[in-house]
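The values are calculated or read from the model by the stated rules, or taken from the named source; none is laboratory data. Values in this document were obtained by computation on a predicted structure and should not be read as measured data. Cβ coordinates were reconstructed from backbone atoms using ideal geometry, including for glycine residues, and neighbour counts include every protein chain displayed. Quick note on the areas: whole protein, heavy atoms, side chains included, nothing else; ligands and nucleic acids left out. Shrake-Rupley method; radii C 1.70, N 1.55, O 1.52, S 1.80 Å.
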Amino acid sequence: MSSEPAVEISSLTFSHSPPGGRPNDAVVALRDVNFTLPTGSRTLLIGGNGAGKSTLLYILAGKRMIQQGIVNVFGKDVFKDFPPNLVYLGTEWAMNAGVRRDIVVSDFLNSVGGYRHKERRDHLLDILDIDLDWHMHAISDGERRRVQLCMGLMGEWDLLLLDEVTVDLDVLVRDGLLNFLKDETVNRGATVVYATHIFDGLNDFPTHIAHMRDGSFVLNPTPWPLNPSSDNAGSTLHAIALQWLSSDRALRIQEEKEGKRAKTRGPRTNAAPDDVNRESFYKKYDYKIVRIPSLSHVSHWEHYILSSSSSYPFLSTSIQPLPSTTHIGVSIWINSRCFRRVFNCY
Ligand SMILES: Nc1ncnc2c1ncn2[C@@H]1O[C@H](COP(=O)(O)OP(=O)(O)OP(=O)(O)O)[C@@H](O)[C@H]1O
């Protein structure tokens, strides 16, 4: 096993800049990050939503150019000198229309080089319990995720970056996958960095754990199980994560009270003029004010809503006749929320 660190990060600070945004719109996602990861390690990134895990994995995968700091993978700048055996697997892949086409899984895997890694591919087909005759457009989310994992893992990777991709696997497949990854790190010296919010069944997996909050590392990658003298020694990962995230939130609330940061989460006590304007706007177009006088008026009513939809694209509706002649079912979507009501037709 190489003594060279798999990952070396120093003084990394990173901001997301919205396209076309002003410099003031930039969101600082990582602040002064410094750590190294030994080759052969399995590091778990623990942090609340928005802590910066995905941003870090994206940068490690060379998908973002950094503005400040050094990010080396196997001794080289990952953005300029991309390591050939780095694999990044994130959740967005499954959303891509290209992988939801009517293509048979065996063809799909061959089209991404499966024929070059037959032995490893077949091993993964067993672990991930994949049917080569599945069609990519006609399988469940978890089944599609299994195909993604097979695709990503069948080559001999040296660094694997996993961003929450085990979330839709069933527990048996997830367990088999974790054992496979463990074997890869032990037998081949491969390295894994894994961001997840699901901690059950994970206690025996990591060699290191890290705690991220607000783009910073509260605890740099630290050997797991924790040192017996540590506060959390003996606790499960789930208990530790719960405690860390609770203290993160308590700290934020404390800082908000002390005026060190603006309060942006939760209900607003002082309605801004904008909120008042929005309230009167939404009240005006609130579906609840619609009354349907009789079944014969339904098509007229539907026309009313549909014509509103063209002016207000967040509104859409459908009307379902029910077996009863005195009631109709109405579904109205405002943005992505669906409100269903059964209306009495009088
Ligand atoms: N494209 C973007 N533009 C602007 N800000 C962003 C963008 N992507 C992420 N952010 C912000 O950067 C910060 C870090 O986000 P990131 O996605 O890295 O968090 P995360 O720890 O992966 O969260 P989660 O657990 O929800 O996946 C957050 O404040 C987030 O709102």
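So here's what we get for this one:
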| quantity | calculated |
| --- | --- |
| Accessible surface of the range 26-71 [probe 1.4 Å, protein heavy atoms]: carbon and sulfur percent | 49 |
| Selection from Leu37, Ser11, Trp93 lying farthest towards where the dipole of the range 1-96 points positive, charges on Cβ | Trp93 |
| For Arg213, residues with placed amide H under 5 Å, excluding near neighbours | Val218 |
| Computed FRET value (nearest 0.05) for His123 with Ser280, which takes r as the C-beta separation and R₀ as 45 Å | 0.15 |
| Low-density loop cleavage sites - trypsin sites (Lys or Arg not before Pro) in the range 82-151, where at most 14 other Cβ are within 10 Å (DSSP) | Arg101 |
| Karplus (6.51, -1.76, 1.60) ³J(HN,Hα), θ = phi - 60°, over the range 32-44, in Hz, Gly and Pro reported as x | 6, 8, 9, 6, 10, 10, x, 4, x, 8, 10, 9, 9 |
| Per-residue ³J(HN,Hα) for the range 231-239, Karplus 6.51 cos²θ - 1.76 cosθ + 1.60, θ = phi - 60°, Hz, x for Gly and Pro | 4, 9, 4, x, 7, 7, 4, 4, 5 |
| Solvent exposure, largest accessible area first (probe 1.4 Å, DNA, RNA and ligands not counted), of Thr43, Thr264 | Thr264, Thr43 |
| Per-residue ³J(HN,Hα) for the range 77-90, Karplus 6.51 cos²θ - 1.76 cosθ + 1.60, θ = phi - 60°, Hz, x for Gly and Pro | 4, 5, 6, 8, 10, 5, x, x, 10, 9, 10, 10, 10, x |
| Summed side-chain charge close to Val33 - residues other than Val33 whose Cβ falls under 14 Å, Lys, Arg +1, Asp, Glu -1 | +1 |
| Cleavage-rule hits, trypsin sites (Lys or Arg not before Pro), the range 35-90, DSSP coil, Cβ neighbours within 10 Å at most 15 | Lys63, Lys80 |
| Whole-number accessible area per residue in Å² for the range 146-285, which is evaluated in the context of all protein chains at 1.4 Å | 54 |
| Net charge of Cβ neighbours under 12 Å - reference Lys263; Lys, Arg +1; Asp, Glu -1 | +3 |
| Solvent-accessible ranking of His135, His211, His238, largest area first, probe 1.4 Å | His238, His135, His211 |
| Å² of accessible area per residue within the range 1-119, as computed with a 1.4 Å probe and no ligands counted | 54 |
| Extension reserve of the Asp81-Ser216 stretch, reckoned as 0.36 nm per residue once the Cα distance is removed | 46.0 nm |
| Heavy atoms of Ile9 accessible to a 1.4 Å probe, total area in Å² rounded to 10 | 10 |
| Paramagnetic reach from Ala250 (point 7 Å along Cα→Cβ, amide N under 12 Å) across the range 221-244 | 243-244 |
| In Å², nearest 10: area of Asp141 left accessible to a 1.4 Å probe | 90 |
| Asp77 accessible area, assembled protein chains, probe 1.4 Å, Å² | 60 |
| Sequence of Ser280, Ser41, Ser10 when ordered by accessible area, the most exposed leading, probe 1.4 angstrom | Ser280, Ser10, Ser41 |
| Total formal charge among the other residues, if their Cβ is under 12 angstrom from that of Val165, Lys/Arg +1 and Asp/Glu -1 | -1 |
| Placed amide H near Ser15: partners under 5 Å, 5+ positions off or other chain | Ala29, Gln67 |
